[in-house]
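The values are calculated or read from the model by the stated rules, or taken from the named source; none is laboratory data. These numbers were taken from a predicted model, which means no experiment stands behind them. Don't worry about glycine lacking a Cβ; one is built from the backbone with ideal geometry, like all the others, and counts go over all protein chains shown. Note: areas computed on protein heavy atoms with side chains; ligands, DNA, RNA excluded. Shrake-Rupley method; radii C 1.70, N 1.55, O 1.52, S 1.80 Å.
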Amino acid sequence: QVQLVESGGGLVQPGGPLRLSCAASGSIFRAYTMGWYRQAPGKQRDLVAHITSGGSTTYADSVKGRFTISRDNAKNTVYLQMNSLKPEDTAVYYCRAIVTINAYWGQGTQVTVSS
């Protein structure tokens with residue numbers, strides 16, 4: 001069982017930055033594929049970005065050039081640096097870990113982009 005705890009959400013003005021963190025349990029974090037997803041009200045949960053154990057990254061087209069996913073294996077933590085935020089980025093952001101054939105989710109953190 002892997003536990004994930006997200007933090008860093010909040011209210012930010014359009015154009016501003018925000019950094020999300022996701023702390024994971026487990027002694028083999030470096031082997032996890034980690035991802036950030038988001039779900040806006042009334043919409044499905046969509047992939048934002050993910051990073052493999054080898055450091056390869058993938059981004060949704062809507063966030064390319066604005067968001068950066070990274071990981072610190074020494075701290076068992078994955079980050080999502082979000083810049084140039086837009087109102088349409090407003091959503092609950094979830095962290096996901098894939099460990100062998102199992103997937104685990106965090107509880108989510110709310111990000112609201114509004115003036």
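Considering only protein heavy atoms and a probe of 1.4 Å, how much of the accessible area of the range 30-115 is carbon and sulfur, as a whole percent?
Looking at the range 30-115 in its full context, I get 47 percent from C and S.
Between beta-carbons, use under 10 Å as the cut-off and find the net charge around residue 53, counting Lys and Arg +1, Asp and Glu -1.
In short, +2.
Give the shape of the chain as rounded, prolate or oblate, defined through the alpha-carbon gyration tensor: a ≥ b ≥ c are the square roots of its eigenvalues, a/c under 1.5 means rounded, and otherwise the shape is prolate if a/b is larger than b/c and oblate if not.
prolate
Can you tell which of 12, 44, 79 lies farthest toward the positive end of the dipole of the chain, using +1 and -1 charges on the Cβ of basic and acidic side chains (Lys, Arg; Asp, Glu)?
Farthest along the dipole direction, towards plus: 79.
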